[in-house]
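Asks: Have a look at this one.
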Amino acid sequence: MQELAVLQTMLDNGPLFAALPFKDIVGASEVFNLEDELPIVNARLLDENPSNTRGSSIPQSVITAIYTADIKTDVQRLAREGRGAHDTEVLRTARALRMQIESDFVRGSLESSSGRSFNGLSTLIPAVSTNSQAVANHATGAAPKLSALDDMLNQVDAAPSQKVIIMPRALRPALQALRRDQSLTGNLQIETNALGQPAMFYDEAEIILTDVDPYNTPIQGFTEGSGSNTCSIYCVALGEDSVYMAQGQSMVNGELQPGLVVYDVGESFTSTHYLTRINLDCAAVIKNPRKAARLYNVTKANFAA
């Protein structure tokens, strides 16, 4: 029940976390083949041998990051206030863990964190002109353009998944202005998403707004670009053959369990605290590069055609 309460708290408070698919893996990494070139198949004449190539793929591996939180409550506090005092701290920690994973999914870097994170979208999709999956909204920075947004969406092959647009909450006023703009009517719709909740959609892609990390820093802050005043918007196709979270196993009371685990360690014999542990071993995976794209050099302003 405690594990269920933690998971429900993370899902209820995090639209991005709730949308992410998690795939169980064994070990500390997800190993897969990244599609490089498709086979070539040509038509043939009667009695002619087939003429086709095998195509190619590139072996890849993604190392998971270990997210562990130990929640400690003085046993005398439990005696005075009851178990609820400890449970409150567990759920607060669950919200912080969810915020950190969302933050790392967008801007995580295995290298800059010295292995204490995984590579997020900003690292996996570098904002350079030579990257076909990175679309420049402007040479240096400008209001988000619908034409550039369309170009980014066009770079993502969603089938059989659905496209999701990830953008900062700071652009919510710009989205509301887009709905009110008569000249741009029809670009934004309010529909029901896969979870049965009302959500904004643009060109059949659900829009998910990111908030802040546990340090109250915007996950998608306007801190990019030469003037440090731009951000990036992402489009991903979520699914186990597209973009997903790989999750490893955790040891609980001598047994291995997959995914998120929450369990009571009990009273510490070296301190006066009761301890509960939350553990999740996970990393973001882009299994097919055509399943994700980035729109960069976006300033905080209303949308333009």
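The values are calculated or read from the model by the stated rules, or taken from the named source; none is laboratory data. All figures in this text were calculated on a predicted structure; none of them were measured in a lab. We place every Cβ from the backbone using ideal geometry, glycine too, and count neighbours over all the protein chains shown.
Asks: Can you find a residue in the stretch 136-147 that is outside any helix (DSSP H, G or I), at pLDDT 95 or above and closer than 12 Å to residue 294 by Cα?
Replies: Checked against the condition, which is being outside any helix (DSSP H, G or I), at pLDDT 95 or above and closer than 12 Å to residue 294 by Cα, the stretch 136-147 yields at least one hit.
Asks: Taking the condition farther than 14 Å from residue 17 by Cα and modelled with pLDDT of 95 or more, does residue 169 pass?
Replies: yes
Asks: Here is a further query. Just to be sure I understand, how many residues within the stretch 183-225 are under 17 Å from residue 294 (Cβ atoms) and of a type in the set (Gly, Ala, Ser)?
Replies: Number of matching residues: 3.
Asks: Right, something else. Checking the condition surrounded by 15 or more Cβ atoms within 10 Å (Cβ to Cβ), under 17 Å from residue 301 (Cα atoms), within 19 Å of the chain's Cα centre (by Cα) and of a type in the set (Val, Ile, Thr), which residue from 208, 166 passes?
Replies: Working: 208 fails: under 17 Å from residue 301 (Cα atoms).
Matching residue, one of 208, 166: 166.
Asks: Still on this structure, please answer the following. Among the numbered conditions (1) of a type outside the set (D, E, K, R); (2) in a helix (DSSP H, G or I); (3) without any contact (Cβ under 8 Å) to a residue 24 or more places away in the chain, tell me where residue 18 comes up short.
Replies: Result: residue 18 passes all but (3).
Asks: Is there a residue being β-branched (Val, Ile, Thr), assigned to a loop (DSSP other than H, G, I, E, B) and modelled with pLDDT under 95 anywhere in the stretch 209-220? Before you say what the answer is, go through the steps one by one.
Replies: First, pick out the residues of the stretch 209-220 that are β-branched (Val, Ile, Thr): 210, 212, 217, 219.
Next, from what is left, pick out any that are assigned to a loop (DSSP other than H, G, I, E, B): 217, 219.
Now restrict to residues that are modelled with pLDDT under 95: none.
No, the stretch 209-220 contains no residue that is β-branched (Val, Ile, Thr), assigned to a loop (DSSP other than H, G, I, E, B) and modelled with pLDDT under 95.
Asks: Could you list, in sequence order, the residues of the stretch 211-229 that are buried (at least 22 other Cβ atoms within 10 Å of the Cβ) and closer than 17 Å to residue 301 by Cα?
Replies: First pass over the stretch 211-229, keeping only residues buried (at least 22 other Cβ atoms within 10 Å of the Cβ): 219-220.
Selection gives 220 alone.
Asks: For the list (1) at pLDDT 95 or above; (2) surrounded by fewer than 20 Cβ atoms within 10 Å (Cβ to Cβ), I need the number of the one condition that residue 174 fails.
Replies: Tallying (1) at pLDDT 95 or above; (2) surrounded by fewer than 20 Cβ atoms within 10 Å (Cβ to Cβ), residue 174 fails exactly one: (1).
Asks: Please go through the stretch 84-127 and pick out each residue that is part of a helix (DSSP H, G or I), basic (Lys, Arg) and surrounded by fewer than 20 Cβ atoms within 10 Å (Cβ to Cβ).
Replies: Initial filter on the stretch 84-127 (part of a helix (DSSP H, G or I)): 84-107, 121-124.
From what's left, basic (Lys, Arg): 92, 95, 98, 107.
Listed by number, the residues that qualify are 92, 95.
Asks: While we're here: Mind checking which pairs have a first residue in the stretch 40-66 that is over 16 Å from residue 283 (Cβ atoms) and a second that is of a type in the set (Ser, Thr, Tyr), Cβ under 8 Å, 6 or more apart or different chains?
Replies: 40/53; 42/51; 44/51
Asks: Can you find even one residue in the stretch 62-77 that is more than 29 Å from residue 99 (Cβ to Cβ), basic (Lys, Arg) and not in a helix (DSSP H, G or I)?
Replies: Taking every residue of the stretch 62-77 in turn, none turns out to be more than 29 Å from residue 99 (Cβ to Cβ), basic (Lys, Arg) and not in a helix (DSSP H, G or I).
Asks: Restricting the search to the stretch 255-305, which residues are over 30 Å from residue 180 (Cα atoms), part of a strand (DSSP E or B) and hydrophobic (A, V, I, L, M, F, W, C)?
Replies: Scanning the stretch 255-305 gives 256, 261, 262, 265, 275, 278, 280, 282, 283, 284, 285, 286.
Asks: Could I ask something else about it? Hey, residue 249 hits all of (1) under 30 Å from residue 131 (Cα atoms); (2) buried (at least 18 other Cβ atoms within 10 Å of the Cβ); (3) among the polar types (S, T, N, Q) but one; which does it fall short on?
Replies: That leaves (1) as the condition not met.
Asks: Is it the case that residue 37 is loosely packed, with under 11 Cβ neighbours inside 10 Å and over 22 Å from residue 259 (Cα atoms)? Talk me through it step by step, then tell me what you get.
Replies: Details: loosely packed, with under 11 Cβ neighbours inside 10 Å: no; over 22 Å from residue 259 (Cα atoms): yes.
Judged against the criteria, residue 37 is not a match.
Asks: Could I ask something else about it? Under 8 Å between Cβ atoms, at least 6 apart or on separate chains: pull out the pairs that start in the stretch 141-169 with a residue that is touching a residue at least 24 places away in the same chain (Cβ under 8 Å) and closer than 16 Å to residue 206 by Cβ and end on any residue that is among the basic types (Lys, Arg) and surrounded by 19 or more Cβ atoms within 10 Å (Cβ to Cβ).
Replies: Close Cβ pairs satisfying both conditions: 152/294; 153/163; 156/163; 156/291; 158/291; 161/291.
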